[in-house]
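Beneath this line is the structure, given in structure tokens, with notes to follow.
The values are calculated or read from the model by the stated rules, or taken from the named source; none is laboratory data. Note that the structure is predicted; figures quoted are calculated from it, not measured. Glycine also receives a Cβ, built like all others from the backbone with ideal geometry; neighbour counts cover every protein chain displayed. In case anyone asks, the SASA skips ligands and DNA or RNA and just uses the protein heavy atoms, side chains included. Shrake-Rupley method; radii C 1.70, N 1.55, O 1.52, S 1.80 Å.
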Amino acid sequence: MHRPLTAALLAFALAAGVAAPARAGLFDKNPDQVAQDAVTKDLRAVTLWVDASWGFRNQGAANALSRAHQAFVSRGYDVVSVEPYIENGDLQGFFVTYQKPRG
């Protein structure tokens, strides 16, 4: 159900050249490092993947989202969207997009 919307948003962001990295699993990378990389590369928008299939789906995913939000908000980014990705009825994770306000 969310797959076409998520795919369309990701394709738009990549085509516009504003989203990178397209996938940055927070269980593989520290959210602070991903956010700092975005600042270093002067990215206006970033879409990343927060995995919910590893560990505890409810609290683990919530904690990962909270860490990512804190890392990006502290560097001047706003949360634009959080899109769940569900496969075969199971929550797999979230595509999260952050954007720096124009100013």
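Scanning region 79-103 for residues that are charged (D, E, K, R) and touching a strand residue (DSSP E or B) at 6+ places or on another chain (Cβ under 6 Å) yields a count of 1. If the condition is being open to solvent by 60 Å² or more (accessible area, probe 1.4 Å) and farther than 14 Å from Q36 by Cα, then region 54-81 contributes W54, F56, R57, N58, Q59, N63, S66, D78, V79, V80.
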